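Take a look at the structure set out below.
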Amino acid sequence: PGPAAGSQPLPAEGADTKTYLWARYHEMKKLVYDLLPPGVCNLLNPAAIYANNEISLGDVEIYGFDYDYTLAQYSNLLHSMIFNTARDILIEQFKYPEGLGKYDYIPGFAIRGLHYDVQKSLLMKIDAFHYVQLGTAYRGLKPVPDEEVIELYGGTQHIPLYQMSDFYGKGPSLKQFMDIFSLPEMTLLSSVIDYFITHGIEFDQVHLYKDISDAIRDVHVKGVMYKWIEKDMEQYILHGDEIYAVLNRLVNHKKKLFLITNSPFSFVDKGMKHMVGKNWRDLFDMVIVQADKPNFFTDRRKPFRKLDDKGSLQWDKINQLEKGKIYKEGNLFDFLRLTGWRGSKVLYFGDHLYSDLADLMLRHGWRTGAIVPELETEIRIINTEQYMHSLTWQQALTGLLERMQMYQDAESKQVLLEWMKERQEIRSLTKNLFNPQFGSIFRTFHNPTYFSRRLVRFSDIYMASISCLPNYDVDYPRRTPLQHEAPLWMDQLCTGCMKTPFLEEMVHIR
């Protein structure tokens, strides 16, 4: 394409292309900064609801909820407690070296959605197309050089489909960490590997991974975590006061509510009393605890059992699910038969894309809502002036490289190399704003992450917390542009700052 309107003409043959290239560079840089004046940020609302699929909440009659990290959001202090307890289990019960006791939880080391290659002891971020994002592969607490990663996978960054996670994130050699509770597990895994490598201790990768998984599981299964939370709810539970307002609003709009959780009743009861009040059960038409998801959604074997008000099991056969009663285990097939709650009139919220949402959407046609607490932090970063300027200049620089690569003389090639180096530095900068090791949970440098692809696949809508629900006041989401439609959407790239007069100049940035 020729130069954009108002730009300098192409240099005559034999003219100084180096000077011309740098003139275009400075011209574009000024344009980008003129388009993004101070105070242009805060374009995205961290409390908004984002839609992957067209959905009208007016058509939804029944709202279902998971409990942990859906109705109840927990503080990061919980991750330190899980890490410390599982670390001590490894030392005391699994007889791991006592030197591990010197390792503490590292907040912000890992992010959700990472993959772990058990045979290679690699923790890494993989994009939607099965490519490892270079610079995000760690063995222990140290990054693995890009060249070594490529060599480990036979000269490529690509992970073949047969090695990748299955439907629930557990492949033959790769495990994907999708649970928010997995943050301390990934950090413990990395810490133990760091200790063994640092001290020159040989270890079996499969045994080590299983031991750490078992230690983390014990923290949950033996109820230790529940006791911490019950002991100090003010310290562990976040946004509790907002949950009552959301649930009460739904009930006032004649919506039916139900709860399906893997947590035990006594724990859920204490938490809901703390957040909503002693009569919290009056808001719900159905409460199911210790559901054993995802098996609850796929397996017909376990019947429902009723609990009395003290949490003791009853022995009578369940022929109906009654409002105000508490049920244990069961399965979705009996749930559908007894309630008749089917299809798109049901919307279920959960934080785990696989265990909570995938089966409901694909097998049963329910609407699904993903709770992604990390969304709030990531949007606040996106709204900063540093991120906005870095991203827009990176896009503009990419456009310049695309348009000017026709100049292949020695001096021009040197200019283009300098631009490519600057572009790489900006990419690293924007990645580090989210997380120095792994970047954003939603994207690699240029592609969505594997987590993002699953988020789009298994959720109709997603948000940072249930307290965002009252903000969804429109029936339909905006249309998402396809790649070949993108130039038509340039005026919406940065609403409020990229005005139509600049369209001709800005089109190539995309």
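Heavy-atom accessible area per residue, the chain, 1.4 Å probe: how many Å²? Display every interim value, and only then the final one.
Values: 23950 Å² over 510 residues.
Here the per-residue accessible area is 47 Å².
Around Lys323, with a cut-off of 10 angstrom between Cβ atoms, what is the net charge of the other residues, counting Lys and Arg +1 and Asp and Glu -1?
Taking every other residue near Lys323 into account, the sum is 0.
Relative to the compact-globule scaling 2.2 N^0.38 Å, provide the ratio for the alpha-carbon radius of gyration of the stretch 410-453.
Taking the Cα Rg and dividing by 2.2 N^0.38 Å, one obtains 1.47.
Roughly how far apart, in whole Å, are the Cα centres of the stretch 400-435 and the stretch 149-164?
The stretch 400-435 and the stretch 149-164 have Cα centres spaced 27 Å from each other.
Work out which GluC sites (Glu not before Pro) in the chain are exposed loop sites (DSSP not H, G, I, E or B, at most 15 other Cβ within 10 Å) and give the longest gap free of them. Mind showing how you got there, number by number?
Numbers: sites that count: Glu13, Glu54, Glu61, Glu202, Glu322.
Answer from the scan: 323-510.
Within the stretch 76-230, count lysine pairs with alpha carbon atoms under 20 angstrom apart where the residues are 8 or more positions apart or belong to different chains.
Qualifying lysine pairs in the stretch 76-230: 14.
Plugging the Kirkwood radius over Cα pairs into Stokes-Einstein for the stretch 356-420, at a temperature of 37 °C and a viscosity of 0.692 mPa s, what D comes out in µm²/s?
Values: Rh = 15.9 Å.
D, rounded to a whole number, is 206 µm²/s.
For the stretch 76-230, I need the span (max minus min coordinate) of the C-alpha atoms along each principal axis, in Å, sorted largest to smallest.
Principal axes ranked by extent give 47, 35, 25 Å for the Cα atoms.
Among Ser452, Ser56, Ile212, whose Cα lies farthest out toward the positive end of the dipole of the chain, if unit charges sit on the beta carbon of Lys, Arg (+1) and Asp, Glu (-1)?
Toward the positive end, the furthest listed residue is Ser56.
Please report, as a whole percent, how much of the solvent-accessible surface of the chain comes from carbon and sulfur atoms (probe radius 1.4 Å).
That share works out to 51 percent.
Give the Rg (one decimal place) followed by the Dmax (whole number) of the stretch 93-184, computed from C-alpha coordinates and expressed in Å.
That works out to 14.2, 41 Å for Rg and Dmax.
Working from the pairwise distances between different alpha carbons, so that the mean of 1/r is found and then inverted, what is the stretch 280-320's Kirkwood radius in Å?
11.9 Å
Measuring from centroid to centroid over Cα atoms, what is the spacing of the stretch 321-358 and the stretch 194-266 in Å?
20 Å
Specify which residue in the list His158, Leu78, Pro172 is farthest towards the positive end of the charge dipole of the stretch 76-230, using unit charges on the beta carbon of Lys, Arg (+1) and Asp, Glu (-1), about the Cα centre.
Leu78
Helix-only estimate, please: 222 nm mean residue ellipticity of the chain, summing -39500 (n - 2.57) across DSSP H runs of length 4 or more and dividing by its residues, to the nearest 500.
It comes out at -11500 deg cm²/dmol, rounded to the nearest 500.
Where Rh denotes the Kirkwood radius from the mean inverse Cα pair distance, what is Rg over Rh for the chain?
Rg/Rh: 1.02.
Using the Cα centre as the reference, give the magnitude of the dipole from point charges on the C-beta atoms of the stretch 76-230 (Lys, Arg: +1; Asp, Glu: -1; all else neutral), rounded to the nearest 20 debye.
That gives the stretch 76-230 a dipole magnitude of about 300 debye.
Taking loop as defined by DSSP and a crowding limit of 12 other beta carbons within 10 Å, which trypsin sites (Lys or Arg not before Pro) in the stretch 146-247 fit? Intermediate results must be reported in sequence, preceding the final value.
On the way: sites: Lys170, Lys175, Lys210, Arg217, Lys222, Lys227, Lys231; in loops: Lys222.
Answer in residue order: Lys222.
Within the stretch 236-333, report the chymotrypsin sites (Phe, Trp or Tyr not before Pro) that DSSP leaves as loop and that have at most 11 other Cβ atoms within 10 Å. Write out the running numbers ahead of the final one.
Numbers: sites: Tyr236, Tyr244, Phe258, Phe265, Phe267, Trp280, Phe284, Phe296, Phe297, Phe304, Trp315, Tyr327, Phe333; in loops: Phe284, Trp315.
Answer in residue order: Trp315.
Output the Cα-based Rg and Dmax of the stretch 193-242 in Å, rounding Rg to one decimal and Dmax to a whole number.
17.0, 51
Computed over the Cα atoms of the stretch 214-302, what is the convex hull's projected area averaged over all directions, in nm²?
So the Cα hull casts an average projection of 7.2 nm².
List the equivalent ellipsoid semi-axes of the stretch 27-124 in whole Å, largest first, each obtained as the square root of 5λ for an eigenvalue λ of the Cα gyration tensor.
40, 27, 15
Of all DSSP beta bridges in the chain, what percent run antiparallel (nearest 5)?
50 percent
The values are calculated or read from the model by the stated rules, or taken from the named source; none is laboratory data. These numbers come from a predicted model, not from an experiment. When we count neighbours, we look across all protein chains shown, and the Cβ atoms used for this are built from the backbone with ideal geometry, even at glycine. Just the protein is used for accessible areas: all its heavy atoms, side chains included, with ligands, DNA and RNA removed. Shrake-Rupley method; radii C 1.70, N 1.55, O 1.52, S 1.80 Å.
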